[in-house]
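Below is one structure; the comments refer to it alone.
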Amino acid sequence: MTRELLPTATPARTRAAVLQAVRPHRRTAVAGFGLLIVATSVGLLIQPLLGHIVDLVAGREQAAALAVPAALLVLVGLVQGALTAWGLTLVARLGETALADLRERFVERVLALPLDRAERAGSGDLTSRVTGDVARVAEAVRSALPALARSLLSIVLTLGALALLDWRFLAAALLAVPVQVHTARWYVRNAVPLYAAQRVATGEQQQQLLDTIAGASTVRAFRAESEHLERVAGRSRAAVELTMRGVRLMLRFYSRLHVAEYAGLAAVLAVGVLLVRDGSATIGTATAAALYFHNLFGPINTALALLDDAQAATASLARVVGVVGVADAAPADPAPAIRQQEGGGVSVRGLAHAYEPGDPVLHGVDLDIRPGERVALVGASGAGKTTLAKLVAGVHEPTAGTVETPSGVAMVTQEVHVFAGPLADDLRLARPDATDDELRAALATVDALAWAEELPDGLATVVGEGGHRLTGAQRQQLALARLVLADPAVAVLDEATAEAGSVGARLLERAVERAVDGRTALIVAHRLTQAAAADSVVVMEDGRVVERGSHADLRAAGGRYAAHWSAWTDHRPTPDGRLPNR
């Protein structure tokens, strides 16, 4: 299957997603930024007060004259600190709330992604977005957003204060702006594609690590360790190289900012000397102007330095919103090829499917399953059984043809995931409001109640990663119990007894029979004993239905199913130790 990464949102789409997340919290935003504006304005009184103290000292005033401005300095500091803390708290609350909303939408839409779309992207791409990208955006919201808001307000209001002192001080300070603007534009132009490429490289690195670790046994069996290590090293080198390019970019960025700072400060000091010399300003006023510009170093450097975090976070946010956009773009109603119908039956017409263009795995399949009928799919590996089952279950969308099913369809596959947590919570994934008695009844239906109650803490026993380890057969019984709790009209089982091995096969086959009792069922038969117990058997070959009928009729017909059955039963002794008749 060709790898197809999930999309990255455009800047316009990213901005729209941010506005959508912030819009419900407008009052908090206005209050938070309003308080920061007031706090910053109060803080701007510090420089004039210090300038006034300089004038008092230069004029050889009495020491008592310094008491009032000194007391005002203390008061300004206290008021500014309190208002800043309050404002930053509201801004942080705004950011965290908006981020929580976005994260919930992201998780919701990830779960809504079509399985084949997620499979084409690869687990590495999705994992890096769920972990690294979400974490980077969260860190930016917690630290960068409040600091950036405060810095921008300080810059704007300080420039306004310089103009109030004398417009010539503002003109001198603005000499640094062209260098800073050019530096910022240069940085953004180079940083945006660099950080986007870095996030993609990180996703590819994670994908290679996951592939290598997941297939470790196969890699060792074919002695391909060196090849896979080289692939991991290559992906890692690519990610490290992009990271180092980012570091070099930042070093050049800061060096250019220092040039702007010193040029601007020199200009303000020169203007101050000239104004004091001709009597247009006092020494205190010139001192206040120099302090204003010097105090701009911190906010300007913070704001421009946060461009680094902002660009990295923006790249990550675009990848997060890109996943949300995939689901947003999907139609809310079932696709035309997958339709809902009344009753409990299934109707498939002209069904075709290809995982890769030009390489179909199903060819014009027609299939009808009556309500309550149990149909077994059999055939050699690669015949298209699993693909047909997934199309009926709605996991994939067909390339051509239609599938009509009731609204309630559930699928149990050979690969069962046990979620970390209490066993009861794992079961309640199928029905969150199920009582303990209903959980026990579902377990009893699939012959799993006995071992479940023998667990150390019964239904409260923690299973999954880091918890009590379940056997393959127990995991399958757990999946079948979920099926019972979900109570779908149609059950699709894809080799749901394959993990049992020979010893537990019969146990799981009984569990399957009970779980699908009274439901329409499509069963990909791993063992032909399941086909023998089904109401109807469908034989597939090369993506086509080649035979259909009851077990007895197909055996008597002497066709492909009869050959499968003969091969299956050959050398399988009966309970009395004899080989069965064909």
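Under the condition of being within 20 Å of R103 (Cβ to Cβ) and in contact with a Gly (Cβ under 8 Å, 6 or more places away or on another chain), the residues counted in the stretch 1-16 number 5. Annotation: H52 fulfils all but one of (1) over 30 Å from L391 (Cβ atoms); (2) within 43 Å of the chain's Cα centre (by Cα); the unmet one is (2). Taking every residue in the stretch 27-39 that is closer than 15 Å to L145 by Cα and pairing it with any residue that is hydroxyl-bearing (S, T, Y) and part of a helix (DSSP H, G or I), at least 6 positions away or on another chain, the pairs with Cβ-Cβ distances below 7 Å are L36/T84.
Any chance you could count how many residues in the stretch 427-457 are in a helix (DSSP H, G or I) and either at pLDDT below 90 or of a type in the set (V, I, T) (or both)? Give the derivation first.
First, the residues of the stretch 427-457 that are in a helix (DSSP H, G or I): 427, 436-445, 449-453.
From what's left, either at pLDDT below 90 or of a type in the set (V, I, T) (or both): 445.
Number of matching residues: 1.
Per the listing A39, A16, A21, A29, the residue uniquely at pLDDT below 80 and touching a helix residue (DSSP H, G or I) at 6+ places or on another chain (Cβ under 9 Å) is A21.
Looking only at residues that are β-branched (V, I, T) and within 35 Å of the chain's Cα centre (by Cα) in the stretch 344-367, which one is surrounded by the fewest Cβ atoms within 10 Å (Cβ to Cβ)?
The initial filter retains those residues of the stretch 344-367 that are β-branched (V, I, T), namely 346, 348, 361, 365.
Remaining after also requiring within 35 Å of the chain's Cα centre (by Cα): 346, 348, 361.
Working: V346: 25, V348: 22, V361: 18.
The qualifying residue surrounded by the fewest Cβ atoms within 10 Å (Cβ to Cβ) is V361.
Which is surrounded by fewer than 20 Cβ atoms within 10 Å (Cβ to Cβ) and of a type in the set (K, R), of R199, R168? It would help to see each step written out before you state the result.
Working: R199 fails: surrounded by fewer than 20 Cβ atoms within 10 Å (Cβ to Cβ).
Of the residues listed, the single one that is surrounded by fewer than 20 Cβ atoms within 10 Å (Cβ to Cβ) and of a type in the set (K, R) is R168.
With among the hydrophobic types (A, V, I, L, M, F, W, C), open to solvent by 30 Å² or more (accessible area, probe 1.4 Å) and under 30 Å from R237 (Cβ atoms) as the only criterion, which of L175, L209 stands out?
Values: L175 fails: under 30 Å from R237 (Cβ atoms).
Step by step, each of L175, L209 is checked, and only L209 is among the hydrophobic types (A, V, I, L, M, F, W, C), open to solvent by 30 Å² or more (accessible area, probe 1.4 Å) and under 30 Å from R237 (Cβ atoms).
One residue stands out among those in the stretch 554-570 that are hydrophobic (A, V, I, L, M, F, W, C) and within 50 Å of the chain's Cα centre (by Cα): the one that is surrounded by the most Cβ atoms within 10 Å (Cβ to Cβ), which is L554. Taken together, V240, V259, V273 contain a single residue that is modelled with pLDDT of 85 or more, within 20 Å of L159 (Cα to Cα) and either out of contact with any Asp or Glu (no Cβ under 9 Å at 6 or more places or on another chain) or crowded, with 16+ Cβ neighbours inside 10 Å (or both), which is V273.
For the stretch 59-111, give me the residue count where each residue is touching a residue at least 40 places away in the same chain (Cβ under 8 Å), of a type in the set (S, T, N, Q) and farther than 16 Å from A39 by Cβ. So the answer is 1. Among the residues of the stretch 39-68, the ones that are assigned to a loop (DSSP other than H, G, I, E, B) and open to solvent by less than 40 Å² (accessible area, probe 1.4 Å) come to 1 in all.
Can you name the strands (runs of 3 or more DSSP E) wholly within the stretch 333-404 that have at least 2 residues being among the charged types (D, E, K, R) and free of Cβ contacts under 8 Å to residues at least 24 places away in the same chain?
Working: elements: 338-340, 346-356, 359-369, 374-378.
Answer list for the stretch 333-404: 359-369.
When the stretch 463-499 is filtered for residues that are in contact with a Gly (Cβ under 6 Å, 6 or more places away or on another chain) and not in a loop (DSSP other than H, G, I, E, B), the ones remaining, listed by number, are A473, E499.
So which residues in the stretch 42-54 are of a type in the set (G, A, S) and at pLDDT below 80, if there are any at all? Break it down into steps so the answer makes sense when it comes.
At the first step, the residues of the stretch 42-54 found to be of a type in the set (G, A, S) are 43, 51.
The answer is G51, and nothing else.
Kindly provide the set of residues from the stretch 510-529 that are of a type outside the set (V, I, T), out of contact with any Ser or Thr (no Cβ under 7 Å at 6 or more places or on another chain) and within 21 Å of G372 (Cβ to Cβ), ordered by number. Scanning the stretch 510-529 gives R510, A511, E513, D517, G518, R519, A521, L522, A525.
Just checking, does the stretch 258-268 include any residue being of a type in the set (D, E), closer than 27 Å to N295 by Cα and out of contact with any Pro (no Cβ under 9 Å at 6 or more places or on another chain)? First the steps, then the outcome.
To start, the set of residues in the stretch 258-268 that are of a type in the set (D, E) comprises 261.
Okay, now just the ones that are also closer than 27 Å to N295 by Cα, so 261.
Imposing the further condition that a residue be out of contact with any Pro (no Cβ under 9 Å at 6 or more places or on another chain) reduces the set to 261.
Within the stretch 258-268, one or more residues are of a type in the set (D, E), closer than 27 Å to N295 by Cα and out of contact with any Pro (no Cβ under 9 Å at 6 or more places or on another chain).
Checked against (1) in contact with a Leu (Cβ under 9 Å, 6 or more places away or on another chain); (2) free of Cβ contacts under 8 Å to residues at least 60 places away in the same chain, S154 passes all but condition (2).
Scanning the stretch 447-474 for residues that are open to solvent by 10 Å² or more (accessible area, probe 1.4 Å) and within 12 Å of A511 (Cα to Cα) yields D447, L449, A473, Q474. Just one of (1) of a type outside the set (A, V, I, L, M); (2) at pLDDT below 85; (3) open to solvent by less than 40 Å² (accessible area, probe 1.4 Å) fails for S502. It is (3).
Within the option set L94, L99, being within 30 Å of G203 (Cα to Cα), modelled with pLDDT of 80 or more and crowded, with 16+ Cβ neighbours inside 10 Å holds for one residue only, L94. The set of residues in the stretch 413-426 that are open to solvent by 10 Å² or more (accessible area, probe 1.4 Å) and either part of a strand (DSSP E or B) or of a type outside the set (A, V, I, L, M, F, W, C) (or both) comprises T413, Q414, E415, H417, G421, P422, D425.
Taking the conditions exactly as written (open to solvent by 70 Å² or more (accessible area, probe 1.4 Å), small (G, A, S) and either modelled with pLDDT under 80 or not in a helix (DSSP H, G or I) (or both)), does S217 satisfy them or not? Here the answer is yes, as S217 does meet what is asked. Does the stretch 388-406 hold any residues that are over 13 Å from E495 (Cβ atoms) and touching a His at 6+ places or on another chain (Cβ under 7 Å), and which are they? Within the stretch 388-406, L391, H396, P398, T399 meet the criteria. I need the full set of residues from the stretch 45-64 which are over 24 Å from L78 (Cβ atoms) and of a type in the set (S, T, N, Q), in order please. Scanning the stretch 45-64 gives a single hit, Q62.
The values are calculated or read from the model by the stated rules, or taken from the named source; none is laboratory data. Just so we're clear, the structure is a prediction, and the values are computed from it rather than from any experiment. Backbone-built Cβ (ideal geometry, glycine too); neighbour counts: all protein chains shown. The area values use the complete protein model at the heavy-atom level, side chains included, leaving out ligands, DNA and RNA. Shrake-Rupley method; radii C 1.70, N 1.55, O 1.52, S 1.80 Å.
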